[in-house]
1. Suppose we filter GLU231, GLU237, GLU208 for residues that are farther than 30 Å from SER141 by Cα and out of contact with any strand residue (DSSP E or B) (no Cβ under 6 Å at 6 or more places or on another chain); which single one remains?
2. Going through segment 225-238 one residue at a time, which ones are surrounded by fewer than 17 Cβ atoms within 10 Å (Cβ to Cβ) and on the phi < 0 side of the Ramachandran plot?
3. Give, as residue ranges, the helices (runs of 4 or more DSSP H) completely inside segment 225-331 that count at least 2 residues that are of a type in the set (D, E, K, R) and either at pLDDT below 95 or farther than 18 Å from ILE157 by Cβ (or both).
4. Quick check on my filter: what residues within segment 184-218 are within 23 Å of GLY113 (Cα to Cα) and of a type in the set (Val, Ile, Thr)?
5. Are any residues in segment 262-290 more than 26 Å from SER89 (Cβ to Cβ) and within 22 Å of the chain's Cα centre (by Cα), and if so, which ones?
6. Condition first: over 13 Å from SER167 (Cα atoms) and either more than 16 Å from the chain's Cα centre (by Cα) or crowded, with 24+ Cβ neighbours inside 10 Å (or both). Now tell me which residues in segment 131-149 satisfy that.
7. Quick check on SER216: is it at pLDDT 90 or above, within 29 Å of GLN128 (Cβ to Cβ), more than 24 Å from the chain's Cα centre (by Cα) and in a helix (DSSP H, G or I)?
8. Among the residues of segment 74-95, is there at least one that is outside any helix (DSSP H, G or I), at pLDDT 85 or above and β-branched (Val, Ile, Thr)?
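The values are calculated or read from the model by the stated rules, or taken from the named source; none is laboratory data. From a predicted model like this one, the values you see are computed outputs, not experimental measurements. Cβ placement follows ideal geometry from the backbone for every residue including glycine, while neighbour counts extend to all protein chains displayed.
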Amino acid sequence: MSRKRWLALIAVAMLLVISLVVNVATSMIFSNTSSFMDSMAHDWTEQVLDTGEELGGSIVVLEINGVIQDTGDGGLFSATGYRHQMFLSQIEHAAKDPTVEGIIIRVNTPGGGVVESAEIHEKIVEAQEEYDKPIYVSMGSMAASGGYYIAAPADKIVASPQTITGSIGVIMESINVTELAENYGVKVNTIKSGPYKDIMSATREMTEEDRAILQSLIDESYDEFVRIIAEGREMSESQVRTVGDGRIYSGTQALELDLIDELGSLDDTIEMMRELVGPLNVVKYEPHVGFPNFLSMSFQQLFGTDVGELATLERILATHRSPTLKYIYTD
């Protein structure tokens with residue numbers, strides 16, 4: 001790294017310290033201590049999207065953008081994106097908050113992990129059943145596979161005519177490099193405790209027994225997917241299996257198949273919720289621009305596209321590479 005960039009980095013660090021001091025001082029001066037501490041207790045703040053005609057309650061908009069995967073909070077060079085634990089805490093907070101009269105989840109995702117999707121589903125059902133909160137889902141450009149899984153229990157699903165949804169199913173993938181390794185004289189020595197310990201290994205061919213074991217896992221997760229949709233959409237399992245063959249649908253097609261309830265935008269969904277709970281303020285939980293995000297933005301400004309390469313390298317090193325069950329649409 002050049003001397004000029006090191007000096008710029010030091011300058012950014014100094015500005016960060018000054019900014020933190022000013023922010024804390026300002027918060028203490030212009031906010032009471034309890035509200036300041038309440039704000040700092042979460043990774044987000046409430047931002048008013050639209051002012052309503054009535055006071056005393058609010059409608060909360062939560063967002064799922066990107067692959068539904070629990071990758072932690074990310075590192076120093078991480079770009080902003082979906083943060084699983086933060087989303088779970090957001091929906092739990094909105095459910096428990098007595099001033100929240102309704103929750104809208106804006107979904108824009110190709111899906112993701114089976115476990116993560118199930119965790120979101122559980123939080124949604126908990127908000128509905130334990131806290132009596134109506135939940136509407138507004139689908140963005142894509143709400144496929146795991147994105148539909150988490151939408152299924154919603155009281156109302158709204159999508160654009162051009163939304164890509166569906167892709168109901170489960171997938172598990174791996175890469176086999178056996179022939180490539182042989183061509184280059186690469187030999188892999190594996191010592192294992194049982195015949196299936198290296199199942200889905202990239203360095204040996206899959207056997208029929210391997211495939212049967214993995215197919216049983218896929219079938220089990222798919223059965224759960226079908227059950228969730230059947231319960232959430234009040235459809236028979238046979239109906240779900242008919243439409244749930246992995247194909248994608250447009251919003252218009254999904255409406256014809258009863259996979260969604262209405263066609264419309266996020267604004268339309270907000271108006272639908274207001275018809276149910278009243279013309280309340282609409283708020284959105286916005287993540288704090290904390291220390292890692294601040295530095296990430298600073299690095300991007302200072303070093304341009306270099307940080308993209310660093311972020312890619314970090315994800316490769318940090319991400320668990322083993323094959324996993326996924327509710328995800330892959331093109």
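1. Values: GLU231 fails: farther than 30 Å from SER141 by Cα; GLU237 fails: farther than 30 Å from SER141 by Cα.
Just one listed residue meets the conditions, GLU208.
2. The initial filter retains those residues of segment 225-238 that are surrounded by fewer than 17 Cβ atoms within 10 Å (Cβ to Cβ), namely 227, 231, 234, 236-238.
Matches in segment 225-238: ARG227, GLU231, SER236, GLU237, SER238.
3. Details: elements: 237-243, 251-256, 266-277, 291-303, 306-318.
In segment 225-331, the matching helices (runs of 4 or more DSSP H) lie at 237-243, 306-318.
4. Residues satisfying the conditions are ILE199, ILE213, ILE218.
5. Matches in segment 262-290: GLY264, SER265, ASP267.
6. Of the residues in segment 131-149, the ones over 13 Å from SER167 (Cα atoms) are 131-141.
Matches in segment 131-149: TYR131, ASP132, LYS133, PRO134, ILE135, TYR136, VAL137, SER138, MET139.
7. On the way: at pLDDT 90 or above: yes; within 29 Å of GLN128 (Cβ to Cβ): no; more than 24 Å from the chain's Cα centre (by Cα): yes; in a helix (DSSP H, G or I): yes.
No: the conditions fail for SER216.
8. First pass over segment 74-95, keeping only residues outside any helix (DSSP H, G or I): 74-83.
Going one step further and asking which of them are at pLDDT 85 or above, we end up with 82-83.
If we keep only those that are β-branched (Val, Ile, Thr) as well, we get none.
Within segment 74-95 (the criterion being outside any helix (DSSP H, G or I), at pLDDT 85 or above and β-branched (Val, Ile, Thr)), the answer is no, since none of the residues qualifies.
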